[in-house]
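Notes for the one structure printed next.
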């Protein structure tokens, strides 16, 4: 039976309110806040690096690059918090699909979490080993080593940038799969992290008629 605009509006008005925790159908307010805050900060970081590669030493580039260390440290702290919050909500998170697609999604998310932690950790390791340390918003976060530690600097130089671009590739794949789910497979998973629509609630309302 075709549903009217008024009926759809009624469904939306009676949908369960979004809470702080995940609820099995969608992610809660805390997960969403962490997700979109980190998305904006990553966009800032990669924009600065892309401008540096394209323009070289320019005032605009210096503005972005000057915040790179501080934003990176903030991202690592948020990644740790997000991982802990995810473990706390593990039994209440929206489920992945079954089969190979679900397995790929799980592995992709694990890789994202891993790189979100490893990439800034390598930068912090390099900052300590070089003796410079790292100060974030005026606060000393990582002290510099009294003497240069070559292996720390070498590891940071070799892997930080490379793994950061790998992380960008995973993020691009993540976005691409959201688009494919929505426009090709007609399975809108974006509602889990944005908006208030709850397909399960709407289906229950239809079945009850």
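Worth pointing out:
- Residue in the range 162-172 that is out of contact with any helix residue (DSSP H, G or I) (no Cβ under 7 Å at 6 or more places or on another chain), exposed (fewer than 15 other Cβ atoms within 10 Å of the Cβ) and over 18 Å from residue 38 (Cα atoms) present: yes
- Of the criteria (1) modelled with pLDDT of 95 or more; (2) part of a helix (DSSP H, G or I); (3) in contact with a helix residue (DSSP H, G or I) (Cβ under 9 Å, 6 or more places away or on another chain), which one residue 144 fails: (2)
- For residue 75, the requirement of being surrounded by 18 or more Cβ atoms within 10 Å (Cβ to Cβ), in contact with a helix residue (DSSP H, G or I) (Cβ under 6 Å, 6 or more places away or on another chain), more than 23 Å from residue 132 (Cβ to Cβ) and in contact (Cβ under 8 Å) with a residue 40 or more places away in the chain is not met.
- Test result for residue 104, part of a helix (DSSP H, G or I) and without any contact (Cβ under 8 Å) to a residue 24 or more places away in the chain: yes
- Qualifying residue in the range 119-133 (condition: surrounded by 12 or more Cβ atoms within 10 Å (Cβ to Cβ), on the phi > 0 side of the Ramachandran plot, without any contact (Cβ under 8 Å) to a residue 24 or more places away in the chain and touching a strand residue (DSSP E or B) at 6+ places or on another chain (Cβ under 7 Å)): yes
- Residue check for residue 96: over 19 Å from residue 70 (Cα atoms), assigned to a loop (DSSP other than H, G, I, E, B), at pLDDT below 95 and out of contact with any strand residue (DSSP E or B) (no Cβ under 6 Å at 6 or more places or on another chain): yes
- Applying a threshold of 7 Å to beta carbon distances and a minimum spacing of six or more residues, or different chains, the list of pairs starting in the range 161-182 at a residue that is free of Cβ contacts under 8 Å to residues at least 40 places away in the same chain and ending at one that is surrounded by 12 or more Cβ atoms within 10 Å (Cβ to Cβ) and part of a helix (DSSP H, G or I) reads 178/190; 182/190.
The values are calculated or read from the model by the stated rules, or taken from the named source; none is laboratory data. Values in this document were obtained by computation on a predicted structure and should not be read as measured data. When we count neighbours, we look across all protein chains shown, and the Cβ atoms used for this are built from the backbone with ideal geometry, even at glycine.
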